[in-house]
Amino acid sequence: MSLIQQITEWHKEQVHRLSQLETLIDNICINNGSIYSYFTYAITISHTVEQDSYLLGSMHVQNISNHVITNPLICLKISATSPFDFSGKYIYPNTTQKMQVTGAWERINEATNKEEYWLRPTHKQVIEPGETITFSNFQLKWKVDQQYNYHLYGYVYSDEYKDGVPTKNQINVNGKVEGEDSDVD
């Protein structure tokens, strides 16, 4: 084999290896960090037993990759012992509601489950690169009649992220009713 043939062969190998590296890098981007999700929220806490406390929040999901994200789902997970009443703009799959709620999501798990809320957007099956979707203005309401320490976690799932991607932040709410002597966990 002549020197030119060897150089040509070596060049083909390098082009092939470079292509393999680009594929690996694309796969790493898909599997690590191409979804950026987070909560924004505001809390109004009552310091009396007679009034409710509120948290108004939104969960944002941003596609920071160069690939589309298909069939996005979010899971909001609330502490098992939480006294929260959760509400938001969501509907159930077999609802007889004729009117569409603007910006509503569809709850796909059992209505009786008060610890997990699995939701998918009714208006979007694909998140384009650079695009953000939001489950906006959900509300948590609770009474301040005892010591509390509760958490809200968020996860994003899709065809590309079957194991889920946690939000960058979580919501922690804790407090102590005046006159209680025990510590908050």
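The values are calculated or read from the model by the stated rules, or taken from the named source; none is laboratory data. Values in this document were obtained by computation on a predicted structure and should not be read as measured data. Glycine also receives a Cβ, built like all others from the backbone with ideal geometry; neighbour counts cover every protein chain displayed.
For segment 46-70, the set of residues classified as polar (S, T, N, Q) and over 13 Å from the mean Cα position of the chain (by Cα) consists of SER46, THR48, GLN51, SER53, SER65, ASN66, THR70, listed by residue number.
Do we have TYR153 as among the hydroxyl-bearing types (Ser, Thr, Tyr), at pLDDT below 95 and surrounded by 14 or more Cβ atoms within 10 Å (Cβ to Cβ) here? Working first, answer last.
Numbers: among the hydroxyl-bearing types (Ser, Thr, Tyr): yes; at pLDDT below 95: no; surrounded by 14 or more Cβ atoms within 10 Å (Cβ to Cβ): yes.
Considered against the rule, which asks whether it is among the hydroxyl-bearing types (Ser, Thr, Tyr), at pLDDT below 95 and surrounded by 14 or more Cβ atoms within 10 Å (Cβ to Cβ), TYR153 comes out as no.
In segment 1-59, the residue that is modelled with the lowest pLDDT out of those that are surrounded by 14 or more Cβ atoms within 10 Å (Cβ to Cβ) and part of a helix (DSSP H, G or I) is ILE30.
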